[in-house]
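The values are calculated or read from the model by the stated rules, or taken from the named source; none is laboratory data. Computed from a predicted structure; not experimentally measured. Don't worry about glycine lacking a Cβ; one is built from the backbone with ideal geometry, like all the others, and counts go over all protein chains shown. Surface accessibility is based on the protein's heavy atoms, side chains included, excluding ligands, DNA and RNA. Shrake-Rupley method; radii C 1.70, N 1.55, O 1.52, S 1.80 Å.
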Amino acid sequence: MNKLIAYLLFLTSGAWLTIFFLLSSPSDVENATILGYSIKVILISSLIFLFSLAPLYLALKLFHQPQQCQTLWLSIFHNKRIPNLSLILSLIIFIGSWSILFTPPYRTANFTSYISRLHPILIWLTIVSAITFLISLFEHRQYSFTKILSANKSTIKIGGISLSLIILLSIIVALSGFGITHPEDYWYGAGVPILGQQLLFVFIITALVAKLEFRSRIKLELRHEALIGLGIFLVAAFFWMHEPIRSNYFLPDTMDNPIYPYSDSALFDTGSQYALIGQGLFNGQYFDRALYSAFLTYLHILVGQNFENLLNLQAIFFAIFPVIIFLIGKEIHSYTLGVSAGLLTILRGINSIVAMAWIDLAGPKMMMTDFPTAIGIALFILFALKWVKKPANLHFAVWCGGFLGLSMMLRTHVLLLLPALIAYILFFNVNISRSYRFIGSFILIIGMLTASTPWDIRNQSKGYPMFYMYYSRIWLVLKERYQIQGSSYLTSPYIELTSATTNQVSKTLATLPSNEIQDGICTSVICKLSNHMAHNLITSFVFFPSSLWLHNIWNTVKETSPFWQPNWGISDIPFSGYVFLFIHFTLFSLGIGSAWQKQKWLGLLPLGIFLVYLLTNTLALTSGGRYVAPVDWVVVLYSLLGSLQILIWLMRWIGYIPNKQEEYSQTEQPNTLHVKQFIKIAPALIMLVSIGSLIPLAENLFKPRYQIQSAEQLLTSLKESEFLEKSGYTQEELTQFLKDPQAVITAGKVLYPRFYEANSGEPDRSTYYRELEYARVVFTIIGPYTIESQGIILSIEKQKFQLDQSDVIVLGCKNTIYYAPFIDAVVVFVTSQPEYIYKRTPAPPLQCPVPFP
């Protein structure tokens, strides 16, 4: 039977089946008119029936006219005046009808009942448009798909090997439960989710950009690249800045308190707050990850203490991240890959802001080091790619090492990326001359040391040895998580504090090298390492959509996908989840193959950095969540490349672009070393020193705000300012009170004041913001009297208070009965404007301990 007649009969039969299913469910009684159906149903059914008569009539007419039938078929699917009309139109209808069909009812609101009623029509349109699209593809074919694949043997071979390894590892994980069913300490769920509708949008943009790059052959110059990068930056900055902050663990708004940083976020911000009162970052103490706190210091200078404004400004700065991903995609493959990866990075950044209230993650509006570490590693990879492509540009190696040094002052364990990259340069880039490989590796180290030296010199001035920041964190991990005793030379209250701010102390690790699991928990080091590595790999992959349904973020992480749920297992993954995981693995593997064919070992550099970074997480016994955020974008990059490769093959199949062997990008081979090459290094080194110097500079911009005064001097100043008279206490009473060893008087700047009703507080017993049995104001105080910040709790009834950033003098008793000690305040004198006195209610006798309210 002629193809056109078969297609027309298919349209007619589909229309009649649609009418049948429409009429098989009568309308509700209120709208029923004729034969139990509403006017709308009868009208729609009649229109579909009339439509079905047209293809039926045409099929009957053409049955005995094969020549005319063939001519009409060609005019529909091979019309040169309107090229690819059937292809594009069918694709648009398919995307539209499929999107409506798979949009969950909770997202369609008032239209749910209409969409439900129109389901048969939507199914019919989806099937018809899909079949029409496939027919159009087949009819437009110009080359044999076998020939296309034979021209991409390397892609298929490397992709097949990669997919086989991934499937093998998946089977091992499924059988052993490693990475899934044996949760550890410092163990979190999947990363920031990507939604189905977002992927669909990115694929459409990818197709449009691919048309411009591969079909139109537009020659893009540096100015075009700059314009694309600027556009990506502006879009990211706009959407990230305007997405409102959600309350979360690190930025809670319990009891409708203003949003202030908490836990690790408070630690980094407190480090900057000390600089603002002239006492240096972290009160002049040693801290290995000082870059982010220095950055916060400059943000506070620009926008003050409003944390919403501060995070909006931070989001603008961090909008450089999608631009860097765009540049990496361009270096690995093409502008199309760069644009699609940059766009998906923007969307994922929006998702991170929306989902911050529900899952552990890193995003542009989180006061954590994970997201800026992702920026640092991306810059590190970008300049590594640029240098390997053009070894004569040695200043690229300087920048590569410099960004590694800066990243190390965000998360110390990126240090392991240095030997990994040097090994890659020495052993996997044989096309580069030996002299350039060794010199490039040396310059890489120089760049890293150049960026970190200003902070190292500052630390040495405080009594710490040079390069202490390179190994202090390693000693801390060995001590706290492996129970290996030893001295890390000198300690700092801040470097030790970071190991316990988010989690409880980790379980003791067994030192025997036996791979045992008891009661679902690993009992040996090897078991724990294997478990964490598997979990790091799993959580770096499972944030993609796992069904056809276009869910929103909340339903994705809370209802429909198990990967963000605690204690999920293999049995919790639905069948569709396995199907989509296989699709994702296939695209990722195909992306690896495509990168190999295009760039050989250079194309696998981001993948290698990804694996090495996950290994550093594993050695630190951390996995999942925000811990994989610095590198899980690499998975997105290769998966998009796999999708792009399929698109390119389809475009070649239909003759949209020429079918040819993928060109291997050769590394430029410089002849000999020249003095000019080394001259270019100097400006890069100067700029890196300048950037690194901004960290110690941040703690020298302000004069000390407070001077240490004795208890007598503080009481005298309160008396002279008439605070004591207003409070009802005499200087003699308070002097007598302070003779108690537990009594204390201190002064400083107030941070993060929060009011809590009785039996409310933050869900963490290791902080003075914890739940307690009485109503109170809780705040943090920094000043010259203690190395670390102090917690203050004042029992008081709910009232309006203005404490943030106030200068205060606090009188109270040391309370050490809880895990996190604090000062049980009797009275708080606000000595800055507006002046005020907050007294404990009910008023206790002046003795320690302060009676329970």
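Here are a few things to note about the model shown:
- By definition, a body whose alpha carbon gyration tensor gives a ≥ b ≥ c is prolate when a/c is 1.5 or more and a/b is larger than b/c, and the stretch 554-614 fits this prolate description.
- Partners for K703 among lysines (Cα-Cα distance below 27 Å; same-chain residues under 8 apart left out): K462, K719, K749
- The length gained on full extension between I301 and S116, counted as 0.36 nm times the residue separation minus their Cα-Cα distance, comes to 61.1 nm.
- For trypsin sites (Lys or Arg not before Pro), the sites in the stretch 724-785 that DSSP calls loop and that have at most 13 other Cβ atoms within 10 Å are K739, R765.
- The charge dipole of the stretch 61-212, taken about its Cα centre with unit charges on the Cβ of Lys, Arg, Asp and Glu (plus for the first two, minus for the last two), comes to roughly 780 debye.
- Dipole of the chain, positive direction: furthest Cα of F295, T735, F214, with charges on the beta-carbon: F214
- Rounded if a/c under 1.5, otherwise prolate or oblate - the stretch 44-185, Cα gyration tensor axes: oblate
- S571-I457 FRET efficiency (beta carbon distance; Förster radius 56 Å; 0.05 resolution): 0.50
- Förster radius 56 Å - calculated FRET efficiency between W358 and S717, Cβ distance, rounded to 0.05: 0.70
- About its Cα centre, the dipole of the chain is roughly 3740 debye, where the only charges are +1 on Lys and Arg Cβ and -1 on Asp and Glu Cβ.
- Positive-end extreme of charge dipole, the stretch 116-259 - chosen from Q197, M255, T132 (charges on Cβ): T132
- Accessible surface of the chain, 1.4 Å probe, proportion on carbon and sulfur as whole %: 66 percent
- Simple spin-label estimate for K157 and I76 in nanometres, 7 Å along Cα-Cβ: 4.4 nm
- Cα→Cβ-extended label distance, 7 Å offset, between F852 and K147, nm: 8.7 nm
- Folded to 0 to 90 degrees: helix 307-318 orientation relative to the chain principal axis, Cα: 50 degrees
- The long axis of helix 39-62 is offset from the longest Cα principal axis of the chain by roughly 40 degrees.
- Using alpha-carbon coordinates, inclination of helix 196-210 to the longest axis of the chain, degrees: 60 degrees
- Shown is the FRET efficiency for Q742 and E797, computed with R0 = 35 Å from the Cβ-Cβ distance and rounded to the nearest 0.05: 0.90.
- Dipole of the chain computed with +1 at Lys/Arg Cβ and -1 at Asp/Glu Cβ about the Cα centre; of T616, F755, I325, farthest Cα towards the positive end is I325.
- Alpha-carbon geometry of the chain: the Rg and the Dmax are 32.3, 117 Å, given in that order.
- Take each peptide in 369-379, 306-316, count the other Cβ atoms within 10 Å of every residue, and average; sorted highest first, the result is 369-379, 306-316.
- Across the chain: Cys residues that no other cysteine approaches within a C-beta distance under 4.7 Å: C69, C400
- Relative contact order (%) - the chain, alpha-carbon pairs under 8 angstrom, separation at least six: 16 percent
- Phi-based couplings in Hz for the stretch 616-633 (Karplus 6.51, -1.76, 1.60; Gly and Pro marked x): 5, 4, 5, 5, 8, 6, 10, 6, x, x, 5, 5, 9, 4, x, 9, 5, 5
- Sparsely packed loop sites in the stretch 692-778 (the GluC sites (Glu not before Pro) outside DSSP H, G, I, E and B with at most 15 other Cβ atoms within 10 Å) comprise E722, E757, E771, E773.
- Normalised by the number of residues in the stretch 301-412, the average gap of Cα pairs under 8 Å and 6 or more apart makes the relative contact order 24 percent.
- Residue list for the stretch 341-370, given a label point 7 angstrom along the Cα-to-Cβ vector of W554 and an amide N cut-off under 15 Å: 354-359
- Heavy atoms of the protein chains alone define the surface here; on that basis the chain has 44 Å² accessible area per residue at 1.4 Å probe size.
- Lysines whose Cα lies under 29 Å from that of K147, excluding same-chain neighbours fewer than 8 positions away: K3, K80, K157, K211, K219, K330, K598, K600, K660
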